[in-house]
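The values are calculated or read from the model by the stated rules, or taken from the named source; none is laboratory data. The shown structure was predicted, so the numbers you read here are calculated from the model rather than taken from an experiment. In this analysis, Cβ positions are derived from the backbone assuming ideal geometry, glycine residues included, and neighbour counts consider all displayed protein chains. When the accessible area is computed, the model is the full protein with side chains, heavy atoms only, and any ligands, DNA or RNA have been set aside. Shrake-Rupley method; radii C 1.70, N 1.55, O 1.52, S 1.80 Å.
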Amino acid sequence: MAPCTPGSEQLQSSAAPVVNNKWALSARSTSPRTPMLLPAPPSRPLPGLPRHRSSTHPASLRETDAQRTIRIHTMIRKITYSLGRHVSAVACGTTQVRRFLHGAYFKIQPSVQEALMEGRPVVALESTIITHGMTYPQNLSMAREVEEIVTTNGAVPATVGILRGRIHVGLMDEELEFLASSKNVVKVSRRDLPYVLSQGLSGGTTVSGTMIAAHKVGIPVFVTGGIGGVHRGGENTLDVSADLTELGRTPVAVVSAGVKSILDIGRTLEYLETQGVCVAAFGESREFPAFFSRQSGFQAPYHVRDEEEAAELIASALGLGLSSGVLIAVPCPQERAASGQVIEEAIQQALSKARSKGITGKELTPFMLQKLNELTDGKSLDSNLALIQNNARVGSCIAVALSKLQKARRKGKLPQRKDTTPPQPVVIGGINVDFIAKAQKPVILGGGQTNAGRVRRTFGGVGRNLADCLSRLGRTPLFLSSVGKDEHSESILHYCHHMVSQFKENLCQAPLVCIDGNVPLSTIQYVCQLAREHQLAVCYEPTDENKASKPFLSDSWKALTYISPNLQELRAISRTLGNPLPADLPSRLEDVVQTAMALARPLLAHLRCVVVTLGAHGVLLCGKSLGGSISLRPGAHEQTAAASLCATHYPAIHISREEIVNVSGAGDSLMAGILAGMLAKHDTDTCVRMGLLAASLSLRSYEPISPEISISSVSQEQVKSRSWPEVKVWKMD
């Protein structure tokens with residue numbers, strides 16, 4: 001049962017409640033309201049209640065009917081106020097909503113009120129972006145689109161605005177249009193609320209103003225574009241947004257694209273820490289976003305990978321009864337993010353203009369955003385629209401997850417947390433003995449002549465290579481394969497001694513199952529059946545063009561999570577499924593990417609990610625993106641309403657032809673590095689670059705999997721210590 005909010009007693013005392021003989025239970029209860037009768041009169045009078053007067057008293061001491069009526073009404077108000085204080089813990093949720101609904105200050109739209117009463121997810125939306133952030137009619141179409149996104153993702157939108165001196169929580173379409181088209185509306189923060197309401201004015205609510213309204217009516221999740229912060233030069237001007245102090249004293253979760261990049265992001269994060277605000281980046285990285293740009297150069301204190309983790313964080317903050325809010329920072333989608341350098345140059349020009357015009361205070365941010373749009377030829381506005389839409393999708397999913405979590409806890413059906421000891425990944429695949437002959441001279445002589453050279457025996461097989469590399473990277477996989485009993489079997493077992501371990505967990509508890517195309521079709525189908533029954537994450541390595549299609553001969557492939565084909569293997573898979581095929585496979589990188597995207601697109605209806613290996617061109621990830629980044633997190637391949645499809649290209653590490661001595665295990669090293677990073681819960685960029693590091697080491701090694709691969713040579717720290725080529729992103733929707 002929700003606790004009463006601070007200030008509820010003031011609202012009770014300032015109104016004249018109607019006496020009733022029942023009080024409703026919490027607003028979130030779906031059971032019939034249980035009446036609670038007022039207590040019987042006590043044996044002694046309550047304070048303020050006149051004693052019974054005998055008819056023998058002098059007439060001068062008797063009350064007139066009018067006096068008695070006034071006294072009784074006064075007594076009723078006192079009793080009702082007193083009783084209201086005592087039962088507030090029982091009836092707080094309902095009485096609070098009822099007071100606001102019928103009060104002079106609040107008006108709640110019926111659809112929002114109904115959702116709140118039933119405990120369904122509601123998302124609060126601000127209106128300053130409508131009144132001061134964009135011009136008409138673009139602001140109106142944006143507001144309508146954001147509300148539609150919230151609805152599509154399973155929540156009820158509640159745009160907050162002030163119309164003629166009343167705070168509206170949820171706006172009708174004509175009310176949205178009124179705010180969007182009005183010229184002289186006010187930008188309303190906490191300090192402005194008393195004046196604006198007392199004067200009967202209209203306005204758009206800032207982050208601060210919207211948080212207050214959301215908290216008062218019981219909405220825990222609020223979506224905005226970006227919050228305010230410490231202005232540049234704020235150490236001298238003390239220009240600090242009220243959004244930050246509001247986050248420190250109002251328990252609402254704010255979903256935004258971080259802090260507006262026109263501000264001092266470093267000092268803003270410091271100020272939020274001082275205010276006790278829990279800040280978490282959303283997605284696969286802890287990088288704190290800078291509104292238009294995905295990178296700010298600052299790390300968030302924490303990060304949550306998906307809506308479920310975000311909901312857990314918010315639920316914990318609410319459950320503790322902290323008076324501070326939570327900030328969930330969602331990066332702008334990569335394909336529409338603006339260049340940090342371009343934005344920074346435009347910001348410096350806009351700041352110079354603002355200083356020359358003497359623009360400060362709450363007028364500064366709207367001026368800066370408008371000037372940035374002009375200086376970037378609309379690029380900043382495009383990024384602004386993209387991040388708002390993305391925030392609405394992510395915030396709605398968080399609100400839905402939070403609502404489910406709260407309902408489960410109220411019903412006492414919250415599942416127990418599992419043992420945190422990580423189980424072993426499982427690799428099922430082939431193991432081979434390879435013989436590699438290499439001539440000493442670049443030209444091999446014909447005519448039966450002897451060519452001097454060197455023959456090496458190595459141990460390969462896709463499954464063995466994956467298991468070998470994962471083991472060297474500290475993931476200790478369980479490797480299942482068939483080994484013949486011949487002269488080479490003992491040497492194989494001796495070489496693979498570092499991969500031998502006890503069977504600690506069974507297949508159904510594995511965090512990841514890898515399987516290659518060497519495995520018989522019946523085994524592949526069995527593993528896919530287990531994956532479907534136990535929600536296992538399964539990675540399929542096609543091995544070669546002839547074996548690639550095995551899982552795709554039936555519906556078994558729909559239980560897979562990832563596949564890692566090259567372009568030829570991807571074409572073979574598409575041919576088996578009867579999908580359209582290109583006439584020829586291209587060689588130019590741009591054409592290769594477009595072909596790979598077209599072939600991978602139908603598979604993503606069921607697969608989480610298609611990792612297309614491109615040899616010297618690097619690797620292309622095609623998959624579901626949430627928060628602007630393709631998520632590789634195992635166990636999360638269920639459909640997400642907020643996800644979109646995109647492709648991300650990572651160039652390979654350059655290696656000269658002279659350095660390359662073996663190509664047989666490079667692709668397996670790449671995939672093993674990616675999977676090792678994923679199992680370590682690194683962000684997607686780090687996972688892929690760990691794979692590229694592992695592949696570059698194996699290309700320089702005579703062994704398929706380089707003995708130089710280790711947890712120190714292929715690690716998050718090694719990735720961060722290098723400079724990397726630019727990553728390119730394409731939308732696939």
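Every condition in (1) surrounded by fewer than 24 Cβ atoms within 10 Å (Cβ to Cβ); (2) in a strand (DSSP E or B) is met by Glu270 except one, and the failing one is (2).
Close contacts from region 438-462, counting a first residue that is charged (D, E, K, R) and a second that is surrounded by fewer than 10 Cβ atoms within 10 Å (Cβ to Cβ) and assigned to a loop (DSSP other than H, G, I, E, B), with Cβ to Cβ under 9 Å and a gap of 6+ residues or different chains, come to Lys441/Ala452; Arg454/Gln440.
Ala401 - would you say it is surrounded by fewer than 19 Cβ atoms within 10 Å (Cβ to Cβ), of a type outside the set (Lys, Arg) and at pLDDT 80 or above? For Ala401, the condition - surrounded by fewer than 19 Cβ atoms within 10 Å (Cβ to Cβ), of a type outside the set (Lys, Arg) and at pLDDT 80 or above - is not met. Tallying residues that are at negative phi and in contact with a strand residue (DSSP E or B) (Cβ under 8 Å, 6 or more places away or on another chain) within region 170-182 yields 5. Among the residues of region 324-335, those that are in contact with a helix residue (DSSP H, G or I) (Cβ under 7 Å, 6 or more places away or on another chain) and at pLDDT 90 or above comprise Ser324, Gly325, Val326, Leu327, Ile328, Val330. Among the residues of region 370-387, those identified as open to solvent by less than 30 Å² (accessible area, probe 1.4 Å) and either closer than 21 Å to Ala242 by Cα or polar (S, T, N, Q) (or both) are Thr376, Ser380, Ser383, Asn384. For region 134-164, residues that are under 17 Å from Glu174 (Cβ atoms) and assigned to a loop (DSSP other than H, G, I, E, B) total 3.
Scanning region 545-599 for residues that are assigned to a loop (DSSP other than H, G, I, E, B), without any contact (Cβ under 8 Å) to a residue 40 or more places away in the chain and within 33 Å of the chain's Cα centre (by Cα) returns a single hit, Asn579.
If the condition is being out of contact with any Lys or Arg (no Cβ under 7 Å at 6 or more places or on another chain), in contact (Cβ under 8 Å) with a residue 40 or more places away in the chain, assigned to a helix (DSSP H, G or I) and over 20 Å from Gly258 (Cα atoms), then region 317-351 contributes only Leu318. For region 171-196, a residue qualifies if it is hydroxyl-bearing (Ser, Thr, Tyr) and out of contact with any Ser or Thr (no Cβ under 8 Å at 6 or more places or on another chain), and the qualifying residues are Ser181, Tyr195.
Residue count for region 312-344 satisfying the condition of being within 14 Å of Ser380 (Cα to Cα) and exposed (fewer than 13 other Cβ atoms within 10 Å of the Cβ): 1.
Could you tell me whether Ala281 is surrounded by 18 or more Cβ atoms within 10 Å (Cβ to Cβ) and either free of Cβ contacts under 8 Å to residues at least 60 places away in the same chain or touching a Pro at 6+ places or on another chain (Cβ under 7 Å) (or both)? For Ala281, the condition - surrounded by 18 or more Cβ atoms within 10 Å (Cβ to Cβ) and either free of Cβ contacts under 8 Å to residues at least 60 places away in the same chain or touching a Pro at 6+ places or on another chain (Cβ under 7 Å) (or both) - is met.
For region 593-623, a residue qualifies if it is over 18 Å from Gly673 (Cβ atoms) and open to solvent by less than 10 Å² (accessible area, probe 1.4 Å), and the qualifying residues are Val593, Ala596, Leu599, Ala600, Leu603, Leu604, Leu607, Cys622. Restricting Leu387, Leu351 to those that are hydrophobic (A, V, I, L, M, F, W, C) and under 14 Å from Ile129 (Cα atoms) reduces the list to Leu387.
Taking region 119-143 as the range and being surrounded by fewer than 16 Cβ atoms within 10 Å (Cβ to Cβ) and not hydroxyl-bearing (Ser, Thr, Tyr) as the test, the residues that pass are Pro137, Gln138. When Val185, Val221, Val252 are checked against the criterion of being at negative phi, touching a strand residue (DSSP E or B) at 6+ places or on another chain (Cβ under 6 Å) and open to solvent by 10 Å² or more (accessible area, probe 1.4 Å), Val185 stands alone in meeting it.
Put simply, of Leu313, Leu318 the only residue that is out of contact with any helix residue (DSSP H, G or I) (no Cβ under 8 Å at 6 or more places or on another chain), modelled with pLDDT of 95 or more and aliphatic (A, V, I, L, M) is Leu313.
Regarding region 551-561, can at least one residue be identified that is open to solvent by 10 Å² or more (accessible area, probe 1.4 Å) and under 22 Å from Arg464 (Cβ atoms)? Checked against the condition, which is being open to solvent by 10 Å² or more (accessible area, probe 1.4 Å) and under 22 Å from Arg464 (Cβ atoms), region 551-561 yields no hits at all. Quick check: is even one residue across region 722-730 open to solvent by less than 40 Å² (accessible area, probe 1.4 Å) and free of Cβ contacts under 8 Å to residues at least 40 places away in the same chain? Within region 722-730, not a single residue is open to solvent by less than 40 Å² (accessible area, probe 1.4 Å) and free of Cβ contacts under 8 Å to residues at least 40 places away in the same chain.
Among the residues of region 193-206, which ones are assigned to a helix (DSSP H, G or I) and open to solvent by less than 20 Å² (accessible area, probe 1.4 Å)? Residue satisfying the conditions is Val196 alone. One residue alone among Ile436, Ile444 is at pLDDT below 80, surrounded by fewer than 19 Cβ atoms within 10 Å (Cβ to Cβ), touching a strand residue (DSSP E or B) at 6+ places or on another chain (Cβ under 7 Å) and not in a helix (DSSP H, G or I), and that residue is Ile436. Output the residues belonging to region 722-733 that are assigned to a loop (DSSP other than H, G, I, E, B), touching a Lys or Arg at 6+ places or on another chain (Cβ under 9 Å) and not aliphatic (A, V, I, L, M). Within region 722-733, Arg722, Trp724 meet the criteria. In region 520-540, is there at least one residue being crowded, with 24+ Cβ neighbours inside 10 Å and within 18 Å of Asn432 (Cβ to Cβ)? No, region 520-540 contains no residue that is crowded, with 24+ Cβ neighbours inside 10 Å and within 18 Å of Asn432 (Cβ to Cβ).
Candidates are the residues of region 284-310 that are open to solvent by less than 20 Å² (accessible area, probe 1.4 Å) and in contact with a Gly (Cβ under 7 Å, 6 or more places away or on another chain); the one that is modelled with the highest pLDDT is Phe288.
Contact map, region 692-721: residues that are closer than 19 Å to Ser564 by Cα and in a loop (DSSP other than H, G, I, E, B) paired with residues that are at pLDDT 90 or above and open to solvent by 30 Å² or more (accessible area, probe 1.4 Å), Cβ distance under 9 Å, separation 6+ or inter-chain. Pairs shown: Ile705/Leu697. Does Gly209 satisfy the criteria of being touching a residue at least 12 places away in the same chain (Cβ under 8 Å), in contact with a Leu (Cβ under 9 Å, 6 or more places away or on another chain), surrounded by 18 or more Cβ atoms within 10 Å (Cβ to Cβ) and part of a helix (DSSP H, G or I)? So Gly209 passes the test.
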